[in-house]
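Right, one structure below, let's go through it.
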Amino acid sequence: MTIPAALALPAAKLALGAAASALGAVGKALSPQDQKIRKTANDFETMFLENMMSQVFPQESSEGPLGENGTGGQVYRGMLVNEYAKSIAKSGGIGMSDTIYRQMLQMQERSNA
């Protein structure tokens, strides 16, 4: 069964909103130290996504929505890639931050033991 295009976008927005609410509730339940670790893991995933996505956009092209090459185009391209990466990470990312978070907690527990 296929979902009509007119319903797909609102359904996706609803699902992302529910996921963001659930993540917000989890974030409030964490201790301040765990919140710092979670933020670090999320920031790392965002940085990773930004580096990966910067490879998708050609650096030397005069075609497409960014128009002519030049300083303005390069700056805009960097800002656009950064916002795409933040948006992907905020909507659940690729799951990397959860793994990093667990590893950082394990490292912290070992150092405290």
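The values are calculated or read from the model by the stated rules, or taken from the named source; none is laboratory data. Just so it is clear, the model here is predicted, and its values are computed rather than measured. Note: ideal-geometry Cβ built from the backbone for every residue, glycine included; neighbour counts use all protein chains shown.
Residues of the stretch 93-113 that are over 13 Å from MET47 (Cβ atoms) and either of a type in the set (Val, Ile, Thr) or surrounded by 15 or more Cβ atoms within 10 Å (Cβ to Cβ) (or both): ASP98, THR99, TYR101, MET104, LEU105.
THR71 fulfils the conditions (1) at pLDDT below 85; (2) under 21 Å from the mean Cα position of the chain (by Cα) except for a single criterion, (2).
Within the stretch 74-87, the set of residues being more than 13 Å from SER54 (Cβ to Cβ) and in contact with a helix residue (DSSP H, G or I) (Cβ under 9 Å, 6 or more places away or on another chain) comprises just one member, LYS86.
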